[in-house]
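The values are calculated or read from the model by the stated rules, or taken from the named source; none is laboratory data. Here the structure is a predicted model, which means the values were calculated and not measured. All Cβ positions, even for glycine, are placed from backbone atoms using ideal geometry, and neighbour counts span all protein chains on display. Side chains are part of the model used for accessible areas, which takes the heavy atoms of the whole protein and leaves out ligands, DNA and RNA. Shrake-Rupley method; radii C 1.70, N 1.55, O 1.52, S 1.80 Å.
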Amino acid sequence: MTRPESNAGGNANADASPSAAARHRRRLAAVLAITLAIVAAEVIGGIIAHSLALLADAGHTGADAAGIGLSLLAIWLAARPATADRTFGSYRLEILAAVLNAVLLFGVAAFVVVEGIRRLVSPPEVAGGVMIAFACVGIGGNAASLILLRSGQSQSLNARAAFLEAWSDLLGAAAVLVAAIVVVATGFGRADAVASIVIGWLILPRTWRLLRSAVDVLLEATPSGIDMGVVRGHILETAGVADVHDLHAWTITSGMNVLSAHVVLADGADGAAVLEGLGACLADHFDIEHSTFQLEPAMHRDRERGMHT
């Protein structure tokens, strides 16, 4: 007989623990406030100075603010309890927010590059001194955001998205500052358009990496940093385990990896002891707290051949 599906290392339900992003929501909220302040300042500066670079950076930063807002909304929705219809709750909304964020950033990058090229052909007169002042505001604000998000960006996809956005915003503000210095020093007005194009291109590679990571989660790819061959080896080394098949690992949301497997018991093995050993192994070596194992006697493997791998 097949032993009913059993859990080790914690239940894979959504009420087991808060997501990684939820643990950093206060920092995300503080970064959102800083980002909105930078947007307001750069819009005012861009209008006063007739600077596309400042307005481009304001648009880029505004898109980032919208993305952070989406992330916070998703975190709030994801905190709602699981139901019989949604046994993992709404955790995946955090990943969908990251995808929407990436799409939004791609749109902003395209607009900024096209408008920058147009201004290279017909450059308006810009006020370099005003650009310098407001670029410094952007650099200071984004530096503060980076400090706030530094610890959480390795744990949460949305915190990482916000960190990357703050980093690209900082580089964008630095590009504006360099362009402003060039305008003041040489009178070369096209430096403003060049800076805006640079800002547009800065957005693309980081946005692509963010989108790829989020899509991997939605496609239930093996979590980054987990080698399934190594996991299989650890399971097979557990006392009482004869074989393992149907081994799968995926990510529900940032910081919540899940694993399931069919484990073939050795003759005379104690199922409870095997479950305890497997759960402890995965939690200690792979930081997987949500694992589900179906324990099977050796004779059951032949019945499943052709249906499982």
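Listing for the model above:
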| read-out | value |
| --- | --- |
| Matching residues in region 166-191 - criterion: being open to solvent by 20 Å² or more (accessible area, probe 1.4 Å) and among the hydroxyl-bearing types (Ser, Thr, Tyr) | THR186 |
| Unmet requirement for GLU94, which otherwise passes all of (1) open to solvent by 10 Å² or more (accessible area, probe 1.4 Å); (2) touching a strand residue (DSSP E or B) at 6+ places or on another chain (Cβ under 6 Å) | (1) |
| Residue under evaluation LEU164, criteria (1) in contact with a helix residue (DSSP H, G or I) (Cβ under 6 Å, 6 or more places away or on another chain); (2) assigned to a helix (DSSP H, G or I); (3) under 19 Å from LEU120 (Cα atoms), criterion not met | (3) |
| Residues of region 54-68 satisfying the condition of being under 17 Å from the mean Cα position of the chain (by Cα), open to solvent by less than 10 Å² (accessible area, probe 1.4 Å) and without any contact (Cβ under 8 Å) to a residue 40 or more places away in the chain | ALA65 |
| Pair list, Cβ < 6 Å and 6+ apart or interchain, from region 125-137 residues that are in contact (Cβ under 8 Å) with a residue 60 or more places away in the chain to residues that are open to solvent by 60 Å² or more (accessible area, probe 1.4 Å) | VAL126/HIS50; GLY128/VAL184; VAL130/ILE48 |
| Where a residue in region 180-192 is in a helix (DSSP H, G or I) and its partner, wherever it lies, is polar (S, T, N, Q), with Cβ under 8 Å and at least six apart | ALA180/SER51; ASP192/SER51 |
| Within region 70-85, considering residues that are open to solvent by 70 Å² or more (accessible area, probe 1.4 Å) and either of a type in the set (Gly, Ala, Ser) or modelled with pLDDT under 70 (or both), the one farthest from ALA162 (Cα to Cα) | ALA84 |
| Pick from region 76-124, criterion among the hydroxyl-bearing types (Ser, Thr, Tyr) and without any contact (Cβ under 8 Å) to a residue 12 or more places away in the chain, ranking: nearest to MET256 (Cα to Cα) | THR83 |
| Subset tally (residues that are small (Gly, Ala, Ser), part of a loop (DSSP other than H, G, I, E, B) and open to solvent by less than 50 Å² (accessible area, probe 1.4 Å)) for region 194-226 | 1 |
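So that you can scan it fast, the table gives a plain yes or no per residue for (1) in a helix (DSSP H, G or I); (2) free of Cβ contacts under 8 Å to residues at least 60 places away in the same chain; (3) closer than 25 Å to ASP216 by Cβ:
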| position | (1), (2), (3) |
| --- | --- |
| LEU236 | yes, yes, no |
| ALA239 | no, yes, no |
| HIS245 | no, no, yes |
| HIS248 | no, yes, yes |
| VAL258 | no, no, yes |
| ASP267 | no, yes, no |
| ALA272 | yes, yes, no |
| GLY277 | yes, yes, no |
| HIS285 | yes, yes, yes |
